[in-house]
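These notes concern the structure reproduced below.
The values are calculated or read from the model by the stated rules, or taken from the named source; none is laboratory data. Worth saying up front: this structure is predicted, and the values here are computed from it rather than measured. Here the Cβ positions follow ideal geometry from the backbone for every residue, glycine too, while neighbour counts run over all protein chains shown. Remember, those area values only see protein heavy atoms, side chains included, never the ligands or the DNA or RNA. Shrake-Rupley method; radii C 1.70, N 1.55, O 1.52, S 1.80 Å.
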Amino acid sequence: MQKSKLTSKGSTVAALSPLKVRLENLGTFARGSNNFMYPFYASNGRVYLTTYGPRPAKFYEIDPETGEVATYEPGDYQLRMIAETSDGHLWTVSNYEDFLYEFNPADRAFVNAYKWPARGDNMVCITDAEDRIYTVKNRRLYSFDTRSRTFNEHGEIMPERFVFNRGQHGQFGPDGKLYAVSDTTVFTFDPRTGEINRIITQDDISPSIFILMGNLHVGTLDLPWLHGWAWVVEDLTEWREEGIHFSHLLLFRCNVETGSVQTHPMERGKICDCGIFYDPVDRLHYFGTPGKGTITLNGFDWEKREVVRQIELPYGDQNAFVGQSPRPRHLLLSLPYLGTLIDLDLATGQHRKLFENPQPAEVRCLAITHGKRSFGVTYDCGHVFERNTTTVEVGRSIGFSYIFRVCYGPASVSRDGEWLIYPINCGMGIRGTGVLPTAGDVIGRHVTDLVPIHVAATAGDTFLVVHRGPWYAHQEEGRWDGRDETIAELVEVGQGVYRLHATTGQVEELPDVPCAFLAALSDGSVVGCDLNHVWRLTPEAVKPEVVCEAPDQPVRITASPNGGRVVLACADGLFEVDLAGAKLTRVADLPFAPERGLFCFASGNVVCAGTEQLALLSSGETTVKVWRGSMPGKVGPVAPPDGEALYTVDKELTRITWEFEPTGDMNGNQLPLD
C-alpha cells in the first residue's frame, strides 16, 4: 500500500475544560501476600509460623485452642524454619539477609539477631540436644552454639554447581546424627566427631536434576531411608541465563547405609505435584496434587510403586510445608500460596483449620474483560484470581501461574475469552510467557522464554507479543504502570514480535514486524505504530502494510472494540487514523503525554491516562476535558476498559469513571463515595 503523508486537515486546536472524576475503591483484590512458610509447634502449646515476602515478613504466634493470633515483624524480607532450644526460646533464619533471630515467647518479642559468618541463602534451622542451631549455606554446614553464642563452620557438604547452595531439610536420628538433604546432596553429620558423610549428589540420581528437596518424616526418622523430591530439567548441563524449562518432577528415596537411590518420575508436564512428607507408620510418601479449590495428598507406597491412599483437603494450593505435632499421628500443614494452616490427623484424614492468611495479595498484572470480569496475576503467591468489577467481594483463585512468581508487565484475555496471558519470572531461572485457561485446568503453562512487554489479543486464542529480552533488562523493581509500553520504550527495548497461539503453545516469529504499540481490530488484524509509521497486519500475514507516516513523538495507538475508530496519541496531540483513506488527521491538542494508557470505548469516546492526569475526548467533539489528581495503583497498571471505566490495582482494585463538569477549575476534586 502506498503510504500517505500526515495531514492536519480538519483539525481543531482544542480548548481545555474541567473533568470530574470519580475514584471508587472496590477493596482488596485477593488475599495471598506474605506466603506461609514453616509451621512449628512449640513446647508452650502455641504454633508459630514464618512467611515469605514482601517485606516485612511475618512471624505469627497462634493459639490452636482459642484461635488468638499475634504478629511479630523482625524487619526481614523472608523467614524460614523454626527451632526451639531447651530454655524455650525460638530461633528462625532469614533466607536472604543472613540473620539468625532469637525470639523469647515469655517476652513476646525478638530479643537478638546474629549475623552468620558467611553470605548466602538460609533455609534450614535445626537444633541438637546441646542447643546448637544448624544451617547449610554457601555449600557448607554451619552451627551456632546458643549457650556460648559462637559460630562454627563444619565443612563443605556439596560441590559448587549452578546458583543454589543451601540446605533444604534435616532431622536428627536416634543415633544423634544429622540426616539432611541440600540443594545438590544427601549427607549426614555426626556432631560428636565432626564427620561429614556425603552420601549422594544430584548427579547420582540424574544429570537432569535441577534441585533436590527433602521431605519431613512425621514423628521420627524411618532409617535407613531418607525421602524427597526433585525438579527435572531436560538437557541441564549448565546454568542458562536465557531460562530453563522444568519437564517433570520425581520422588526419590536414598538409603543412607548403601547410597542406593530409588526414583518415581511423575507425569510429564506437571510440575506442581510436589513431595510433602513421609509417614513412617504406614510407610507412605505423600505428594500433593492441586485441583479446583482442593489439594489432594497422595500416599505413595514405594514397595508397591503405586498410590494406595488419598486425602482430599478443601483448600486450593500447589505445595505445602510441614511441621511436627506433639499429638501422635498429627502434623501441621502450611499451604503457602493462598495461606492456610491446618492440623491434620493422619490416622483418620480429619483436618482442622487453625489460621488463614489475612494479607492482601500484590497484583502485578491485571486484565479486564467485557462482562464485568477482572483477572489479577499475583506476585509471590503466583495465583491467578478472578473477581467481579461491580462488587467488593474478594477475588477467588482460578489457578496457578505455573511458578510462584510473576514479574511486572502486561496481562491480556484472548478474544474468545478462554485464555489469559502474562509474564512469568522466578529466580530459579524460569522466565517468559505463561498462559492459563480462564476455566478448566488450574495449572498455567510456560509456553515460551520470550518475555512480553506489550500484548495485543487478536483473533480467537491468538496474541501478538512484543518481546523485551531477559526480564531484568527492562524492569524497574516496584514499577509497572504502563510507561513500559510507550512507543519509544518498545522501540528501544523490544527484541522482536511474535504470534502466540495459547491453546497449542505454538510461537511464530514475525521478523518483518517492527516493535511497536499494537491495537487489535475486531476482524483479528492489528494496527501498529512505531516511531516512523502506522501500519496494519492482517490475521494470517507475516509482514505489515504501511498505512501512513507517524506524527512526531508518537506515544500510543488504540482502537474501539468494534474497530470503528482508531486513535493515535503523540506527546501533545490526538490523531484520527483513517485506515481506508490511509491518512492521519489531528483532532485535538493534549496538555500531557498519555504515558499510562490510551483507551477508546465503543461509544467512540477516548480517554488518555497520564501519571496524574486524565483527559476525555468525547465522540464527535474537539474539546478535551482534563482532570488532574492522584490515581491509586502506581505499582500496578491502568487496565483496558470494561464498559466505560478504567481500573488500577496494586492490592486494591479502583474503578475510575468520569463526567463533564461545566464549571470549576482544572483541578477537579475527587467525588465522595456514595
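Taking 12 Å as the straight-line reach from the Cα of LYS625, the aspartates and glutamates in range (excluding those fewer than 8 positions away in the same chain) are ASP589, GLU659, GLU661, ASP665.
A Cβ-based charge dipole, computed about the Cα centre of the chain with Lys and Arg at +1 and Asp and Glu at -1, lands at about 620 debye. Classification of region 477-538 by its C-alpha gyration tensor yields an oblate form. The axis ratio a/c (a ≥ b ≥ c) is 1.5 or more, and b/c is at least a/b. Once the other residues with Cβ under 12 Å from the Cβ of ALA588 are scored (Lys, Arg +1; Asp, Glu -1), what is the net sum? My count for the surroundings of ALA588 gives -2. Per residue, the chain reaches -500 deg cm²/dmol at 222 nm when only DSSP H runs of four or more residues are counted, each adding -39500 (n - 2.57). Between SER630 and GLN553, the simple label model (points 7 Å from Cα in the Cβ direction) yields a spacing of 2.7 nm.
Pairs of Cα atoms nearer than 8 Å and 6+ residues apart set the relative contact order; for region 281-398 it is 13 percent. When peptides 414-420, 613-619, 113-119 are ranked by their average number of other Cβ atoms within 10 Å per residue, the highest-first order is 613-619, 414-420, 113-119. Using a probe of 1.4 angstrom and keeping all protein chains present, the accessible surface of the chain works out to 37 square angstrom per residue.
Using R0 = 56 Å, the C-beta based FRET efficiency linking VAL394 and ASP203 works out to 0.75. Multiplying the residue separation of LYS115 and GLU612 by 0.36 nm and subtracting their alpha-carbon distance yields 174.6 nm. For region 578-635, just say rounded, prolate or oblate: build the C-alpha gyration tensor, square-root its eigenvalues into a ≥ b ≥ c, call rounded for a/c under 1.5, and beyond that prolate if a/b exceeds b/c, oblate if not. It comes out prolate by the Cα gyration axes. Coupling constants for region 544-550 follow from the phi torsions by the Karplus curve (6.51 cos²θ - 1.76 cosθ + 1.60, θ = phi - 60°), and in residue order they are x, 10, 5, 9, 6, 6, 8 Hz; glycine and proline get x. What are the aspartates and glutamates whose alpha-carbon lies under 17 Å from the alpha-carbon of LYS583, with same-chain residues fewer than 8 places away excluded? In chain and number order, the partners are ASP530, GLU545, GLU549, ASP552. Note on LEU223 and ASN255: their simple-model spin labels are 1.6 nm apart, each label 7 Å out from Cα toward Cβ.
Is region 205-324 rounded, prolate or oblate when judged by the Cα gyration tensor, a ≥ b ≥ c being the square roots of its eigenvalues, rounded requiring a/c under 1.5 and prolate requiring a/b larger than b/c? Because a/c hits 1.5 or more and a/b fails to exceed b/c, region 205-324 counts as oblate. Do you know the relative contact order of region 208-304, to the nearest whole percent, from alpha carbon pairs under 8 angstrom that are 6+ apart? So the answer I get is 23 percent.
If I take R0 = 51 Å and measure r between the Cβ atoms of GLU234 and ALA106 in this structure, what FRET efficiency does the formula 1/(1 + (r/R0)^6) give, to the nearest 0.05? Efficiency at R0 = 51 Å is approximately 0.45. In region 246-289, the portion of solvent-accessible area held by carbon and sulfur atoms comes to 45 percent [1.4 Å probe, whole percent, DNA, RNA and ligands not counted].
Do the alpha carbons of any pairs in LYS137/LYS177; LYS58/LYS651; LYS137/LYS292 sit beyond 27 Å of each other, and which pairs? LYS137/LYS292, as the Cα separations exceed 27 Å there.
Set against the labelled values [x] 86, 70, 37; [y] 94, 56, 51; [z] 90, 51, 45, Cα extents along the principal axes in Å computed from this structure falls on [z].
Straight Cα distances below 14 angstrom link LYS115 to the aspartates and glutamates ASP76, GLU97, ASP98, GLU102, ASP145, GLU153, with same-chain residues fewer than 8 positions distant left out. Modelled label positions at SER522 and GLU659, each set 7 Å beyond Cα in the direction of Cβ, lie 2.9 nm from each other.
Computed over protein heavy atoms with a 1.4 Å probe, the carbon and sulfur contribution to the accessible area of region 498-582 reaches 45%.
For TYR315, TYR647, the ranking by accessible surface with the largest value first comes to TYR315, TYR647, using a 1.4 Å probe.
Normalising the average separation of contacting C-alpha pairs (under 8 angstrom, six or more residues apart) by the number of residues puts the relative contact order of the chain at 13 percent.
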